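Read the structure below first, then the notes.
The values are calculated or read from the model by the stated rules, or taken from the named source; none is laboratory data. None of the values given here were measured: they were computed from a predicted structure. Note: ideal-geometry Cβ built from the backbone for every residue, glycine included; neighbour counts use all protein chains shown. Accessible surface is based on the protein model in full, side chains and every heavy atom, while ligands, DNA and RNA are left aside. Shrake-Rupley method; radii C 1.70, N 1.55, O 1.52, S 1.80 Å.
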Amino acid sequence: MEKSRIDLPIGVTLDRFIKSNEKDYPTAVGAFSQLLRDIALAAKVVNRELNKAGLVDIMGNVGNANAGGDEQQKLDMLANTRFIRALSKGGEVCGIISEENDSFVDLENDGKYIVALDPLDGSSNIDVNVSVGTIFSIYKRITAINSPLTLEDFLQKGRDQIASGYILYGPSSMLVFTTGNGVNGFTYEPSLGEFVLSNPNIQCHEDGTIYSMNEGLSNSISDSKVKAFINYCKDNEFTARYIGSLVADFHRNLLKGGIYLYPATTKYPNGKLRLMFESNALAFVIEQSGGKATDGNMDILDIQPTSIHHTAALYIGSKNLVNRLS
Ligand code: P6P
């Protein structure tokens with residue numbers, strides 16, 4: 001007989017999950033756990049603002065562009081402020097780089113961690129009520145605590161991340177992250193104000209029949225491997241799905257199998273997507289779930305960033321599909 005709701009457990013909250021997995025981080029138990037909680041808190045605040053975006057004067061753009069050339073939306077700036085404020089108050093993070101800031105933000109504290117952040121990815125979709133996301137990476141600082149932060153602390157390879165993940169603000173909002181011990185997904189329960197474990201130990205299918213690319217750019221792509229791959233997808237009647245929000249496309253492909261492609265184009269000869277704010281975090285998640293992420297030549301996680309706003313081509317998702325492009 002089906003269990004009544006009375007008998008059903010609430011489930012494993014993020015707090016309980018972090019506490020029960022602290023053994024994975026004996027050297028950083030309290031600080032690291034608190035940092036994850038600070039990210040979850042900021043995500044709840046941003047989620048609340050997004051849910052009422054159509055009702056308050058928070059839509060549209062602020063009239064200038066970020067370092068990557070993207071038109072900054074009002075909600076980009078709100079999300080950026082909320083995450084920086086939550087991490088600053090939490091005290092575990094000493095420095096932040098963000099897609100919305102030209103240079104690094106020194107929080108002037110003795111925290112051990114560095115955070116790289118895309119506070120609101122896909123934000124051009126907000127005005128039309130399409131899912132958007134936050135992407136984050138966590139690194140350990142390199143320079144001595146209480147010494148001045150330098151670019152060395154921030155220009156770290158993705159392989160050096162100690163954790164990464166994303167929040168997907170969709171029909172339901174989810175927090176998906178890895179600390180190097182697999183990938184777990186938590187669904188936000190607004191009536192409780194809790195992220196509850198809903199997708200334990202996510203595994204990415206080795207194969208898939210979904211491809212996500214802006215095919216309107218096809219004539220400005222010179223890479224013959226990409227052209228051949230798109231033809232392969234069409235010859236095999238793959239499903240084309242492109243939302244225009246990397247987090248939403250990535251999450252679907254993570255759960256169902258598939259590949260997201262953003263090659264080098266005439267407009268973006270070094271690729272559009274930001275290594276430090278988008279690709280590294282998702283590459284860590286996809287590798288931890290059994291998938292793969294490259295720029296067409298090497299693993300994303302092995303790329304040495306040359307600047308905070310370093311861009312690269314991105315092919316990410318099911319291992320056997322990404323291998324066709326590498
Ligand atoms: P295009 C959003 O700006 C973003 O970084 C990703 O979320 C998205 O997949 C991509 O760019 C969309 O780019 O050139 O297809 O509009």
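Sort out the exposed loop GluC sites (Glu not before Pro) in the chain (DSSP loop, at most 12 other Cβ within 10 Å) and tell me the longest stretch that has none. Mind dumping the intermediate values first?
On the way: sites that count: 2, 108, 237.
With a cap of 12 other Cβ atoms within 10 Å, the longest stretch comes to 109-236.
Just the accessible area for residue 299, please: 1.4 Å probe, Å², rounded to the nearest 10?
Taking all protein chains as shown, residue 299 has close to 40 Å².
Quick check on region 210-325: of the DSSP beta bridges with both residues there, what percent are antiparallel, nearest 5%?
Values: 9 of 13 bridges.
Antiparallel bridges make up about 70 percent of those DSSP assigns within region 210-325.
Please label the shape of region 161-270 as rounded, prolate or oblate, based on the square roots a ≥ b ≥ c of the eigenvalues of the alpha-carbon gyration tensor (a/c under 1.5 means rounded; beyond that, a/b larger than b/c means prolate, else oblate).
Numbers: a/c = 2.23, a/b = 2.06, b/c = 1.08.
Verdict is prolate for region 161-270.
With an 8 Å Cα cut-off and a minimum separation of 6 or more residues, compute the relative contact order for the chain in percent.
Values: 686 pairs, mean separation 50.3, N = 326.
It comes to 15 percent, rounded to a whole number.
Pull out a ≥ b ≥ c, the square roots of the eigenvalues of the alpha-carbon gyration tensor of region 5-199, then state rounded if a/c is under 1.5, prolate if not and a/b is larger than b/c, and oblate in the remaining case. Could you put the intermediate results ahead of the total?
Working: a/c = 1.99, a/b = 1.02, b/c = 1.95.
Oblate shape, in that a/c is at least 1.5 and b/c is the bigger or equal ratio.
Can you tell me how the chain classifies by the Cα gyration tensor, rounded, prolate or oblate, using a/c under 1.5 as the rounded cut? Walk me through the numbers before you get to the answer.
Details: a/c = 1.37, a/b = 1.17, b/c = 1.18.
Rounded.
Charges only on Cβ, +1 for Lys and Arg, -1 for Asp and Glu: so what's the dipole of the chain about the Cα centre, in debye to the nearest 20? Write down the numbers at each step before the final one.
Numbers: 30 positive and 38 negative charges, 101 e Å.
Here the size comes out at about 480 debye.
Please give every one of the aspartates and glutamates within straight-line cross-link reach of residue 267, meaning a C-alpha to C-alpha distance under 18 Å, and leave out same-chain neighbours fewer than 8 residues apart.
70, 71, 215, 223, 295
Using unit Cβ charges (K, R positive; D, E negative) and no other charged atoms, how large, in debye to the nearest 20, is the dipole of region 103-159 about its Cα centre? Present the calculation step by step, with values, prior to reporting the outcome.
Numbers: 5 positive and 8 negative charges, 71 e Å.
That gives a dipole near 340 debye.
Just the number, please: carbon plus sulfur as a percent of the accessible area of the chain, 1.4 Å probe, no ligands or DNA/RNA counted.
On the way: 6960 of 14270 Å².
The value for the chain is 49 percent carbon and sulfur by accessible area.
Which whole-angstrom value gives the distance between the alpha carbon centres of region 170-185 and region 76-146?
Using only Cα atoms to place each centre, the spacing works out to 18 Å.
What span do the alpha-carbon atoms of region 210-325 cover on each of the three principal axes, reported in whole Å from largest to smallest?
Its Cα atoms span 39, 32, 23 Å along the three principal axes.
Check each of the trypsin sites (Lys or Arg not before Pro) in region 201-288 and keep only those in coil by DSSP with at most 11 other C-beta atoms within 10 angstrom; list them in order.
Working: sites: 225, 227, 234, 241, 252, 256, 267, 272, 274; in loops: 241, 267, 272.
Counting only loop positions with at most 11 other Cβ atoms within 10 Å, the trypsin sites (Lys or Arg not before Pro) in region 201-288 are 267.
Along the charge dipole of region 210-325, pointing to its positive end and built from +1/-1 on Cβ of Lys, Arg, Asp and Glu, which listed residue (210, 250, 296) has its Cα farthest out?
In region 210-325, that residue is 210.
What's the center-to-center distance, using Cα atoms, between region 36-50 and region 196-225 in Å?
27
How much mean residue ellipticity at 222 nm does the chain get from its helices, if each DSSP H run of length 4 or more adds -39500 (n - 2.57) and you divide by all residues, to the nearest 500 deg cm²/dmol? Show your work: numbers first, answer last.
Details: 7 runs with 83 residues, N = 326.
After summing the helix terms and dividing by residue count, I get -8000 deg cm²/dmol.
What list of ³J(HN,Hα) values in whole Hz, one per residue of region 123-139 in order, does the Karplus curve 6.51 cos²θ - 1.76 cosθ + 1.60 (θ = phi - 60°) give from phi, with Gly and Pro shown as x?
5, 5, 7, 4, 5, 10, 6, 9, 3, 10, x, 10, 10, 9, 10, 10, 10
What accessible area per residue, rounded to a whole number of Å², is obtained for the chain using a probe radius of 1.4 Å? Please list the in-between numbers first.
Details: 14270 Å² over 326 residues.
Spelled out: the 1.4 Å probe surface of the chain, per residue, equals 44 Å².
Assign unit charges at the C-beta atoms only (+1 for Lys and Arg, -1 for Asp and Glu), then state the dipole size of region 193-322 relative to its Cα centre in Debye, rounded to the nearest 20. Display every interim value, and only then the final one.
Values: 11 positive and 13 negative charges, 60 e Å.
Charge dipole, region 193-322, about its Cα centre: 280 debye, nearest 20.
Could you tell me which helices of the chain pass both thresholds, a Cα extent of 18 Å or more along their own axis and a mean Kyte-Doolittle hydropathy of at least -0.5, with helices taken as whole DSSP H runs?
Working: long enough: 29-51 (33 Å, 0.47); 74-90 (24 Å, -0.09).
Those that clear 18 Å and a mean of -0.5 are 29-51, 74-90.
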